[in-house]
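The values are calculated or read from the model by the stated rules, or taken from the named source; none is laboratory data. On a predicted model such as this, the values are computed, not experimentally measured, just so you know. Methodologically, a virtual Cβ is constructed for each residue, glycine included, from the backbone with ideal geometry; neighbour enumeration extends over all protein chains shown. Each accessible area value is taken on the protein alone, full model and side chains, heavy atoms only, with ligands, DNA and RNA left out. Shrake-Rupley method; radii C 1.70, N 1.55, O 1.52, S 1.80 Å.
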Amino acid sequence: MGSSPPVIFRPFAGPSDFPAMVACANASFALDETRFFRTVDDVARDYAAFTACVPQHDVWIAQAGDGIEGYVRAWHWEQVDGLQLYGQFAVVAPPWRRRGIGTQLHAWLEARQRAMAAARGHPGPHAHHAFVTQGETARAALLERSGYRPERYFFTMVRPTLNDIADFALPAGVQVRAVQPDHYRAIREAHHRAFRSHWGAAPPDDDDYERWLDSPVFQPQLWQVAWDVATNEVAGQVRAYIDATWNAGNARQRGWTEFISVDERWRRRGLARALIARSLRVQADAGMHESALGVDSANVHGARGIYEDCGFVVEQRNCVFRKPLLLDRTHELQSPAAPAR
């Protein structure tokens, strides 16, 4: 066998990179058993909608010959408490694992995030942030070697069938209504209000709202939204969606029971269970055979117990890693160019 071509590191070159990026990402996802799956159309749509990431500056690619063998992406956002976070996406193709590519990409990523933080001029605090699924053990090890520590655990929970859905009754005083366009903003704002005290919450903005309207998870025909009859305000919601790309890539018929929230005045009255049960029936009517959701393992409102009552069981334990980002305003971003060994 001949030797492998040398690896060069370079910035994102535009949409022509998407097919090779998708091939690299899907191979990495498969090895790590993340069950993620992307298409070129998915990536093109996402990259066109970015506002906190400029791909030409915030994506770094490892290329060998004509193939992309790994890449990373950086972006930023702010929590409601003012913490400035710098997110990370990173993949390395299976044949190129343990050859130094991941380490070099990560070094560039952290350097880029320090430059982003310095350019923004916010006093901070700042932190690197990485969400790692249960199967991404190599990435978790790299992060821990780099000084990251587990900050929070999240479970992926699955209801393996949509049979025998319990009939949880709605509490008195609420009414589920078919979602209309003039409800959209109220539904979105109610969800943010319900989550403002949750760990990791970020403030909404108008750009987020417009992107939400165009996002693939915006499927109001599947939503279950309860309104307080007395105040005509949103009392609770479950905004389910179907990811056809995920289903095709995994040969499953799975719906997602997500964006579950209940207004503080309506908690502990059975509303969440009732809306989840209704949502599961709608997903079954849409041809789904199972459903899944994500939950904060440390949720203080007993969310995991509610979901277990509705038939969900834990499938994966995922982790948010964080590391303090220390500003170095004299730092100049260097672009690694040496071949990986």
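What to note about this one:
- Solvent-accessible area per residue for the chain (1.4 angstrom probe, square angstrom): 49 Å²
- In plain terms, the C-alpha convex hull of segment 176-256 casts an average shadow of 6.6 nm² when viewed from every direction.
- Local net charge near Gly311, Cβ-Cβ under 15 Å (Lys/Arg +1, Asp/Glu -1): 0
- Overall, segment 103-261 carries a charge dipole of about 540 debye about its Cα centre when +1 sits on the Cβ of Lys and Arg and -1 on the Cβ of Asp and Glu, all other atoms neutral.
- Per the Debye calculation on segment 83-222 with a single equal scatterer at every Cα and no solvent contribution, log₁₀ I(q)/I(0) for q = 0.15, 0.17, 0.20, 0.21 Å⁻¹ amounts to -1.09, -1.21, -1.35, -1.39.
- Of the DSSP H helices in the chain, those whose Cα atoms cover at least 15 Å axially and whose Kyte score averages -0.5 or more: 18-31, 101-120, 271-285
- Pairs of Cα atoms nearer than 8 Å and 6+ residues apart set the relative contact order; for segment 198-341 it is 17 percent.
- Of all accessible heavy-atom area on segment 1-75, the percent that carbon and sulfur account for (1.4 Å): 59 percent
- Tail weight of P(r) past 19 Å, computed on alpha-carbon pairs of segment 1-86, percent: 48 percent
- In percent, rounded to a whole number, the relative contact order of the chain is 24, using alpha-carbon pairs under 8 Å and six or more apart.
- Phi-derived couplings, Karplus 6.51 cos²θ - 1.76 cosθ + 1.60 at θ = phi - 60°, listed residue by residue for segment 243-248: 9, 5, 5, 4, 4, 5 Hz, with x used for Gly and Pro.
- The rule of thumb for compact globular proteins, 2.2 N^0.38 Å, goes into the C-alpha radius of gyration of the chain 1.07 times.
- Table column - 3J(HN,Hα) (Hz), segment 162-167, Karplus curve with 6.51, -1.76, 1.60, x for Gly and Pro: 10, 9, 6, 7, 5, 9
- Linear extension gain, Arg45 paired with Asp208, 0.36 nm per residue minus alpha-carbon span: 57.2 nm
- Relative contact order for segment 1-84, counting Cα pairs under 8 Å that sit 6 or more residues apart, in percent: 37 percent
- With at most 16 other Cβ atoms within 10 Å, longest stretch of the chain clear of loop GluC sites (Glu not before Pro) (DSSP): 34-257
- With a cut-off of 15 Å between beta carbons, the residues surrounding Gly135 carry a summed charge of 0, where Lys and Arg count +1 and Asp and Glu -1.
- The portion of the accessible surface of segment 140-179 made up by carbon and sulfur, rounded to a whole percent, is 48 (1.4 Å probe; DNA, RNA and ligands excluded).
- Loop-located trypsin sites (Lys or Arg not before Pro) in segment 116-197, at most 15 other Cβ atoms within 10 Å (DSSP): Arg177, Arg196
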